[in-house]
Amino acid sequence: MVHYKELGLVNTGELFPKAMRGGYAIPAFNFNNLEQLQAILAASVETESPVILQVSKGARQYANQTLLQYLAQGAVDVAAQMGCAVPIVLHLDHGDSFELAKSCIETGFSSVMIDGSHLPYEENIALTKKVVDFSHAYDVSVEGELGVLAGVEDEIASLHSHYTKPEEVEDFVTHTGVDSLAISIGTSHGAFKFKVRPGETPPPLRFDILEEVEKRIPGFPIVLHGASSVPQDIVDEINKYGGWLENTAGIPEEQLRRAAQSAVCKINIDSDGRLAVTAAIRKVFHENPEEFDPRKYLGPAREALKKLYTHKIVNVLGSNGKA
Ligand code: G3H
Ligand code: 13P
Ligand code: ZN
């Protein structure tokens, strides 16, 4: 067992109340390789933002759990060397079982999500509570979820979203003891969030549901998944250099800014990073077809990611200067 405090990581305990009071959200960026981690770290340190390093079940399998533990520990050391020891959380994204959450906690995670949102309500409560009881014994934070987002949540795919029912949230947080709650108010995972024709605007987020949730559990930290904006300029760049992404759509950044000022304390972004990496690599390959040194295409991808994360932190989440 390696406890996260030995690695210099923190849980979400102090971060969320500060974010709530300050009207900003903590970035939760997914990673599964070195360049993504380097970019997240550089953006967070340079903007002096706390950060949640987020790892899905698939990402943990891809990167190797032992390597991940050392990468997270390295991230803490490197942040200090760079001159700003920003608070770093290592979080399991969309955990789907008690065993996975336990294994993550035993290998240094400081926060876990248990996603029982697709289960019948009582089963969601039972699974989430079991994870909370174990996690809290190690001072690890737990995120639960109520309501279902459309799109793919790791291996769980859902065609239709079910908005969170505000009348359930108080009962859920009381009976499970979770530290934060992911809700469904119209975001969705991936780069194809809405079926809209070019030029059409996607439906706005259901801020009425968010407000109703805030009334029922005042001061309780809320999490937004599926919060990529799918920037059209990055999609255009991908298509210009040989890609083929049609009918993409994301969440407008003004709406995320508004959410960050509310009880939403954590905003999850993965797809935008994937798009930025893909555009940068395609550009290098298109312009230099003779290139075969991975540093020559992963380096520009890392730079593009850092620029994207910096933009999100400063202009969307507002967590800069809050480390
Ligand atoms: O919400 C899902 C995240 O984007 C993680 O995706 O399971 O493909 O790593 P993944
Ligand atoms: P996006 O696919 O919108 O980036 O959402 C990521 C996410 O919710 C990870 O849990
Ligand atoms: Zn998610």
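No lab work stands behind these numbers, since they all come straight from the coordinates. In this text, all values refer to a predicted model and were calculated from it rather than measured experimentally. Note that we place each Cβ from the backbone using ideal geometry, even for glycine, and neighbour counts take in every protein chain shown.
Data overview
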{"item": "Selection count, the stretch 182-224, where residues are within 14 Å of ligand 2 (Cβ to nearest atom) and either farther than 17 Å from Leu275 by Cβ or over 18 Å from the mean Cα position of the chain (by Cα) (or both)", "result": "11"}
{"item": "Meets criteria (within 15 Å of ligand 2 (Cβ to nearest atom), closer than 27 Å to Asp171 by Cα and of a type in the set (A, V, I, L, M)) for Val112", "result": "yes"}
{"item": "Test: residue in the stretch 64-87 that is within 16 Å of ligand 3 (Cβ to nearest atom) and hydroxyl-bearing (Ser, Thr, Tyr)", "result": "no"}
{"item": "Selection status of Asp93, in contact (Cβ under 8 Å) with a residue 60 or more places away in the chain and within 16 Å of ligand 3 (Cβ to nearest atom)", "result": "yes"}
{"item": "Any hit, the stretch 285-299, residues being of a type in the set (Lys, Arg), assigned to a helix (DSSP H, G or I), over 30 Å from Lys18 (Cβ atoms) and more than 23 Å from the chain's Cα centre (by Cα)", "result": "yes"}
{"item": "Residue selected from the stretch 242-260 under the condition more than 16 Å from Gly226 (Cα to Cα) and surrounded by 13 or more Cβ atoms within 10 Å (Cβ to Cβ), by the criterion nearest to ligand 1 (Cβ to nearest atom)", "result": "Leu245"}
{"item": "Residue among Gln73, Gln36 that alone is within 16 Å of ligand 2 (Cβ to nearest atom) and either in contact (Cβ under 8 Å) with a residue 24 or more places away in the chain or among the aliphatic types (A, V, I, L, M) (or both)", "result": "Gln36"}
{"item": "Residues that are within 14 Å of ligand 1 (Cβ to nearest atom) and surrounded by fewer than 19 Cβ atoms within 10 Å (Cβ to Cβ), drawn from the stretch 269-284", "result": "Arg274"}
{"item": "Matching option when the condition is in contact with a Lys or Arg (Cβ under 7 Å, 6 or more places away or on another chain) and assigned to a helix (DSSP H, G or I), among Ile234, Ile238", "result": "Ile238"}
